[in-house]
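The values are calculated or read from the model by the stated rules, or taken from the named source; none is laboratory data. All figures in this text were calculated on a predicted structure; none of them were measured in a lab. Every residue, glycine among them, receives a Cβ derived from its backbone with ideal geometry; neighbour counts consider all protein chains shown. All accessible areas refer to the heavy atoms of the entire protein, side chains included, with ligands and DNA or RNA removed. Shrake-Rupley method; radii C 1.70, N 1.55, O 1.52, S 1.80 Å.
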Amino acid sequence: MKKIVIMASGNGSNFENIVKKLGNQVDIELFSENKNAYVIKRAEKLKVKTHIIDFKSYYRDEYDEKLYNLLKKQTPELIVLAGYMKLLSPKIVDKFKIINIHPSLLPAFPGVNSIKKAYNYGVKITGVTVHWVDNGIDTGKIIEQKSLKIDKGISLEKLEEKIHEIEHEIYPCVLKKLLGL
Ligand code: GAR
């Protein structure tokens with residue numbers, strides 16, 4: 001079975017969705033740099049092997065080296081960022097195949113809080129992007145995008161819900177294609 005490592009820093013709804021949809025076709029492990037992240041609880045429930053390197057306990061160089069060594073040991077076919085909110089070191093980016101999901105139509109609204117940024121900007125269309133990870137912030141080659149019309153008067157909470165629904169639909173599909181499942 002092919003192996004992927006999902007990297008996540010927080011809630012983990014994308015992680016759980018991928019495990020539930022593809023867990024019987026691909027070997028999945030979780031990495032988090034945040035020992036208090038809710039995604040770790042999800043992994044426990046789903047019996048997914050979890051690796052944690054506590055970001056706050058190390059100097060940046062040390063953390064990067066530990067993470068590089070851990071990933072090298074796991075030798076994943078693909079690294080899947082799902083709400084991983086730290087920059088990866090160039091050494092890691094150069095060594096592995098890595099994809100990311102982002103909650104806007106890149107190149108619009110890169111970085112953090114992108115759903116809110118799009119909402120506050122007043123754009124009429126937003127969406128979700130899956131892209132290869134390079135050394136920039138959300139600048140890698142686009143693999144897939146799905147757009148969403150922002151209905152007049154919609155609340156930010158409702159928009160966030162709709163964006164997550166799209167994420168949960170497209171990320172497993174992209175993975176299936178890339179992994180040949
Ligand atoms: C997702 O919306 C993902 O697109 C976003 O974090 C959220 C994680 O949700 N990622 C980024 O903003 C990366 N720049 P989840 O923890 O419930 O899967």
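Odds and ends about this structure:
- Gaussian network model of the chain, springs between alpha carbon atoms under 10 Å - residue of D64, D54, D134 with greatest fluctuation: D54
- Share of carbon and sulfur in the accessible area of the chain stands at 52%, probe radius 1.4 Å.
- Coarse-grained scattering of the chain at q = 0.10, 0.17 Å⁻¹, given as base-10 log I(q)/I(0) from a Debye sum over alpha-carbon atoms: -0.38, -1.10
- Listed residues L78, L156, L30, most fluctuating in the chain (Gaussian network, C-alpha, under 10 Å): L156
- Where only DSSP H runs of four or more residues are counted, the chain gives -12500 deg cm²/dmol as its mean residue ellipticity at 222 nm, each run worth -39500 (n - 2.57).
- Here segment 52-79 is scanned for amide nitrogen atoms under 12 Å from the site 7 Å beyond the Cα of K35 along Cα-to-Cβ, giving 52-58.
- For the set M7, M85, M1, the ranking by accessible area, highest first and with no ligand, DNA or RNA atoms included, is M1, M85, M7 under a 1.4 Å probe.
- Kyte-Doolittle at least -0.5, axis length at least 24 Å by Cα - qualifying DSSP helices, the chain: 156-179
- Inter-site label distance for L87 and L148 at 7 Å from Cα along Cβ, in nm: 2.8
- Spin-label proximity, D61 to segment 115-137 - amide N less than 17 Å from point 7 Å beyond Cα toward beta carbon: none
- Residue-normalised accessible area of segment 101-181, expressed per residue, 1.4 Å probe, Å²: 56
- Solvent exposure of segment 1-96 amounts to 53 Å² per residue of accessible area, where only protein heavy atoms count and the probe is 1.4 Å.
- Extension gain for K73-Q25 works out to 15.1 nm (0.36 nm per residue, less the C-alpha to C-alpha distance).
- Shape call, segment 101-181: gyration tensor on alpha carbons, a/c limit 1.5: oblate
- Cα pair distances of segment 1-81 binned at 10 Å [whole percent]: 19, 53, 26, 3
- For the chain, the Cβ-based charge dipole about the Cα centre amounts to some 280 debye (Lys, Arg positive; Asp, Glu negative; other atoms uncharged).
- Extension gain (nm, one decimal) between M1 and K141, 0.36 nm per residue minus Cα-Cα: 47.7 nm
- Relative contact order of the chain, defined on C-alpha pairs under 8 angstrom at six or more residues apart (%): 20
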